[in-house]
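Report on the structure given below.
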Ligand SMILES: [Ca+2]
């Protein structure tokens with residue numbers, strides 16, 4: 001790490017050793033007070049779900065313990081989707097600045113959307129590596145273009161290219177938690193069964209942390225611990241599922257009311273916060289018959305079980321830090337990448353891949369999996385009604401730029417750097433603010449140039465000022481948002497927002513001209529939940545904010561807007577393979593070739609030819625195509 005260049009040799013060299021003088025470059029050392037850093041990043045977890053310390057209904061004693069001994073930020077925002085949030089988290093820039101305005105799956109050949117993070121925007125891990133940190137990535141890594149995910153890379157956009165020295169990851173939006181498909185650094189791990197991937201991730205984190213502090217006790221590390229929980233598939237050990245049996249029979253409407261009460265009791269939301277109206281597309285719980293209520297309650301029981309379980313795994317890592325005396329010197333963040341996900345649609349799904357094909361799973365098909373919901377034979381997602389409840393008190397869900405999609409809970413724990421215990425912070429912050437915060441905590445400067453390439457400054461602002469100054473005013477002045485045409489701008493306590501085409505996340509094919517979108521206006525200073533649209537009362541304010549959005553959109557590569565997601569996905573593959581029509585795969589090396597890196601066979605005629613050398617009694621699949 002960080003050794004100086006040999007061409008600065010300051011000793012002397014003569015033909016003989018006796019007349020020469022040795023000289024050693026000094027290694028770059030981290031600041032003696034630089035903390036370890038761990039980001040526990042959960043997936044698709046709503047503001048009202050992350051922990052009981054934010055009013056959630058699931059037992060999360062370990063996250064609660066960190067909250068009680070640290071800070072809770074109640075005005076923290078993400079990008080409303082996995083890929084952009086994760087890239088913004090790593091780089092400290094707005095997602096469109098770095099080509100990740102949307103998911104890398106839906107990339108387009110424009111600077112805001114090409115899914116190619118420019119070399120002028122290296123990550124906090126890159127910078128910390130040069131400042132003497134060792135960096136570890138675990139779990140979900142979801143912003144590498146899928147066609148670059150194979151043994152032959154390129155690896156610039158893998159964890160290794162983004163500054164992580166070791167990685168044990170699944171390079172996708174989600175993974176089977178019980179039969180995980182993992183990459184061990186650049187190597188595909190053989191298929192295997194797991195008791196639960198979150199256990200493996202905690203085990204690996206504990207191995208790495210204890211090894212690191214045994215071998216280099218003085219050197220800090222940074223770890224991204226990005227569980228696939230609570231993204232679909234919802235998988236949990238049976239004893240955890242059993243624990244939650246019957247706890248959600250009240251349904252999502254009553255759940256929202258109960259969460260709201262707890263949030264107010266905890267002072268997590270202002271006393272005058274109004275519960276937003278139920279999303280009209282989602283049925284009232286009381287309108288459902290017993291059979292539907294039974295299945296949908298079960299879906300939430302499994303979700304709760306998995307959240308409880310991942311909290312336990314976070315606790316194992318935290319306990320290890322405590323055991324080796326590193327907990328006080330570790331800056332810990334716990335948050336999620338976006339609000340709760342409604343991609344389960346209006347029935348939930350025993351198999352998530354329905355949604356990827358724009359389909360709803362028939363209720364009867366899901367009901368057949370009632371007993372095994374959450375085990376290895378299912379790949380389930382819950383009804384969008386539970387996502388709505390998870391985002392209490394906000395409106396809408398993941399992908400929307402209303403607060404339901406992008407307002408997330410954040411816990412920060414760092415006894416050496418934060419005096420307060422259990423306090424709430426209300427300053428407005430964004431996922432791009434975490435990287436600058438880490439740099440400031442590490443007492444490291446973001447470099448003007450990285451390995452000879454000039455760096456753009458962070459778009460984000462460090463949050464460190466607020467650690468010990470609870471009443472400090474906002475340092476952010478404005479923040480734009482855009483996701484699949486959903487747009488918003490926050491500035492000085494106001495927010496203008498539009499849900500493009502009124503599209504729900506389970507409606508993949510819905511399109512509409514952008515000029516038809518209706519913008520709403522909220523005074524979020526007084527109306528925390530965005531419950532009362534006051535666009536008609538303040539038309540000039542709305543225009544002012546729309547113009548500000550336009551200004552930010554040009555500044556940060558948000559244009560052009562394009563809402564045809566199906567075509568965007570398909571064009572990616574056409575572009576990658578061009579005119580190539582023949583693909584030959586050789587045994588034994590051609591393994592783990594992901595769909596986007598393999599021969600494109602969808603929507604086109606094709607032949608598959610294979611040579612099978614049979615010995616006699618073999619059985620098995622020769623070719624399979626899973627939808
Ligand atoms: Ca997500």
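Data table
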quantity	calculated
Cβ-Cβ FRET estimate between residue 267 and residue 492, R0 fixed at 22 Å, reported to 0.05	0.40
Cut-off 20 Å (backbone N to label point 7 Å along Cα→Cβ of residue 416), residues of region 185-211	206-211
Length-normalised contact order for region 43-197 - Cα pairs under 8 Å, 6+ apart - percent	14
Rounded Å value of the spacing that divides the Cα centres of region 10-55 and region 429-498	22
Sorted by Cβ neighbour density within 10 Å, fewest at the top, the residues 622, 324, 424	622, 324, 424
Neighbour-count order for 274, 604, 349, fewest beta carbons within 10 angstrom listed first	604, 274, 349
Rounded FRET efficiency, nearest 0.05, which uses the C-beta distance separating residue 594 from residue 203 and R0 of 22 Å	0.30
Antiparallel DSSP beta bridges within the chain, percent to nearest 5	50
Geometric extent, Cα atoms of the chain - Rg, Dmax (angstrom)	24.8, 93
Packing-based order for 397-405, 464-472, using average beta carbon neighbours within 10 Å, highest first	397-405, 464-472
Kirkwood-Stokes translational diffusion coefficient of region 162-239, alpha-carbon pairs, 20 °C, 1.002 mPa s, µm²/s	156
Residues 608, 282, sorted so that the one with the fewest Cβ neighbours within 10 Å comes first	608, 282
Difference of contour (0.36 nm per residue) and Cα-Cα distance, residue 613 to residue 584	8.8 nm
Chain lengthening between residue 547 and residue 574 when straightened (0.36 nm per residue, less Cα-Cα)	6.1 nm
Segment residue 286-residue 507, length gained on full extension (0.36 nm per residue, minus Cα span)	77.1 nm
Structure-based [θ]222 nm, the chain - -39500 (n - 2.57) summed over DSSP H runs of at least 4, per residue, nearest 500	-7500 deg cm²/dmol
Relative contact order for the chain, counting Cα pairs under 8 Å that sit 6 or more residues apart, in percent	21
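Bear in mind that the values in this text are calculations on the coordinates, not laboratory data. What you see is a predicted model; the values in this text were computed from it and never measured. As a convention, Cβ positions derive from the backbone with ideal geometry for all residues, glycine included, and neighbour counts pool all protein chains shown.
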